[in-house]
Ligand code: BES
Ligand code: MG
Ligand code: ZN
């Protein structure tokens, strides 16, 4: 797939997509083209009484090849003043559908908004329309084909029918400048999806750690640290080590990704924590077959976190962030941990194992302690495919968010809506949930005594690992249970990357506003 921006229509265009706005209003470029075509566009729209250019409607028109293309598709965009980054991304999916249904591979999109003045500047600019349309299209073409062997047809040229989508826009440079950071974020979300799709025999904790290291190699302002099982033992990380005990072949790893885009300011960082269970059998509390089916994606929290770091680093966001991912399998073996075992976590708390399948919280607990003690973050966000109860409650519609901080929740809510990775707030601080996680013979139990509310009791367990800052101030924390949203419609979604990038770029924008209150940047904000 190739995506480019040009100020003219490429000669080999097979299909041109032209946006049309509610009431069949055309932009200035489309009007000009319609004149050249003898008003065929307006006429066809008049004849098709059902076509009103509502959002997502389309109208196919064959054109005499003397006009330098074969087909035109009029794409309904709805009200011009209602178009947003999100709605354009959604509409972009239709480009993909047209390419596959019509079978054309050289497609052109005319980035042609209606006259902005008529709408008092309250519409997107052509460059914005072009950039977001192309980004949405690029994201919609994701496929995981790495392990499919190529068709062996002699002389077949793979590139021959590769789709090429060109956006026609006057300000090519402007569109390209807007597109570059969008592409960086999409590439990062796609990297997270790749990691989620990797099979567990390929993405072992060691292989995963190596992959993270390689991805950030030579990315400016990034430092990587790795901890192996001996380091974990030295640090007293009894949680992740207990989970890893049944893995005789594949020892655990912890990877820390530091990013400083502030040029060395003394700011406290944002911390991201990710559950990276590369395969969850349940351990001695073995999962039944059906429940184990998708457990290679039990590392999607960690993929969200390293994907978000990649997005921040490749856009060189002016912020400080640090991520930690706990990578391990949860296997059955003679050496595996058992129900009733009592372990000691890095923060000194003892945990009685009620069920070896409640392993994610043990991995996260140690990672949370480590990152708070080493980096003193102002905020901790943890991402995890933590509970089946979360899937039961919210399916793949919302990520469940448990937070001790209302302001942090508001920001996550906003970023979720902007990135179309929506969040739903869940309860966290009710004493009933934390009381239920008290152990009988140890401080805590990893399953607790409450029947039901499994997502909330898991969050209450994690809360035990959030520490006040050394100056006594409370630390803002949110736990995002992505057990449901890590897959959308059965496919690995890369959830968390876009949302976190938005969350951070909103924050940077907010700080810049405070620093320079008169400077309004308007339009789309990417950092
Ligand atoms: N990885 C699972 C949670 C999960 C379930 C993720 C379904 C995605 C889809 C987690 O480790 C787990 O097994 N949780 C248990 C906890 C229980 C034993 C307290 C669960 O939710 O059943
Ligand atoms: Mg489990
Ligand atoms: Zn798990």
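The values are calculated or read from the model by the stated rules, or taken from the named source; none is laboratory data. What you see is a predicted model; the values in this text were computed from it and never measured. Heads up, the Cβs are rebuilt from the backbone with ideal geometry, glycines too, and the neighbour counts pull from every protein chain shown.
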Exercise. Determine whether residue 276 is within 15 Å of ligand 2 (Cβ to nearest atom), at pLDDT below 95 and in the same structural domain as residue 215 (by TED's automatic domain parsing).
Key: no
Exercise. Among the residues of the range 267-276, write down those that are in contact with a helix residue (DSSP H, G or I) (Cβ under 6 Å, 6 or more places away or on another chain) and assigned to a strand (DSSP E or B).
Key: 271, 272, 273, 274, 275, 276
Exercise. Go through the range 230-253 and give me each residue that's out of contact with any helix residue (DSSP H, G or I) (no Cβ under 7 Å at 6 or more places or on another chain) and free of Cβ contacts under 8 Å to residues at least 60 places away in the same chain.
Key: 230, 231, 234, 249
Quiz item: Any residue in the range 336-351 that is under 20 Å from residue 227 (Cα atoms) and either in the same structural domain as residue 88 (by TED's automatic domain parsing) or within 16 Å of ligand 3 (Cβ to nearest atom) (or both)?
Solution: no
Quiz prompt | Within the range 80-104, considering residues that are more than 28 Å from the chain's Cα centre (by Cα) and not in a helix (DSSP H, G or I), the one surrounded by the fewest Cβ atoms within 10 Å (Cβ to Cβ) | solution = 103
Quiz item: Looking only at the range 292-335, which residues are assigned to a strand (DSSP E or B) and within 16 Å of ligand 3 (Cβ to nearest atom)?
Solution: 325, 326, 327, 328, 329, 330
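Condition check ((1) touching a strand residue (DSSP E or B) at 6+ places or on another chain (Cβ under 9 Å); (2) assigned by TED's automatic domain parsing to the domain that holds residue 293) across all residues:
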| site | (1), (2) |
| --- | --- |
| 176 | yes, no |
| 181 | no, no |
| 186 | no, no |
| 189 | no, no |
| 212 | yes, yes |
Quiz prompt | Some residue of the range 462-476 being buried (at least 20 other Cβ atoms within 10 Å of the Cβ), touching a residue at least 12 places away in the same chain (Cβ under 8 Å), part of a helix (DSSP H, G or I) and within 15 Å of ligand 1 (Cβ to nearest atom) | solution = yes
Quiz item: Counting only residues that are in contact with a helix residue (DSSP H, G or I) (Cβ under 9 Å, 6 or more places away or on another chain), farther than 20 Å from residue 382 by Cα and within 12 Å of ligand 2 (Cβ to nearest atom), how many does the range 283-330 have?
Solution: 4
Practice problem: Looking only at the range 306-316, decide whether some residue is within 16 Å of ligand 1 (Cβ to nearest atom), at negative phi and in contact (Cβ under 8 Å) with a residue 12 or more places away in the chain. | Solution: no
Quiz item: Looking at the range 264-292, which of its residues are on the phi > 0 side of the Ramachandran plot and in contact (Cβ under 8 Å) with a residue 12 or more places away in the chain?
Solution: 282, 283
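In the range 388-397, how many are more than 20 Å from residue 355 (Cβ to Cβ), surrounded by fewer than 20 Cβ atoms within 10 Å (Cβ to Cβ) and either touching a strand residue (DSSP E or B) at 6+ places or on another chain (Cβ under 9 Å) or at pLDDT below 95 (or both)?
If we filter the range 388-397 for residues that are more than 20 Å from residue 355 (Cβ to Cβ), which is where we start, we get 394-397.
Remaining after also requiring surrounded by fewer than 20 Cβ atoms within 10 Å (Cβ to Cβ): 395-397.
Those still in the list that are either touching a strand residue (DSSP E or B) at 6+ places or on another chain (Cβ under 9 Å) or at pLDDT below 95 (or both) too: 396-397.
Of the residues in that region, 2 qualify.
Could you identify the single residue in 432, 395 that is at positive phi, out of contact with any helix residue (DSSP H, G or I) (no Cβ under 6 Å at 6 or more places or on another chain) and away from ligand 2 (no atom under 16 Å from the Cβ)? I'd like the intermediate steps shown before the answer.
Working: 432 fails: at positive phi.
Testing whether each residue is at positive phi, out of contact with any helix residue (DSSP H, G or I) (no Cβ under 6 Å at 6 or more places or on another chain) and away from ligand 2 (no atom under 16 Å from the Cβ) leaves just 395.
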Quiz prompt | Complete set of residues in the range 348-403 that are part of a loop (DSSP other than H, G, I, E, B) and over 26 Å from residue 440 (Cα atoms) | solution = 376, 377, 378, 385, 395, 396, 397, 398
Practice problem: State the number of residues belonging to the range 270-304 that are within 14 Å of residue 212 (Cβ to Cβ) and away from ligand 1 (no atom under 16 Å from the Cβ). | Solution: 1
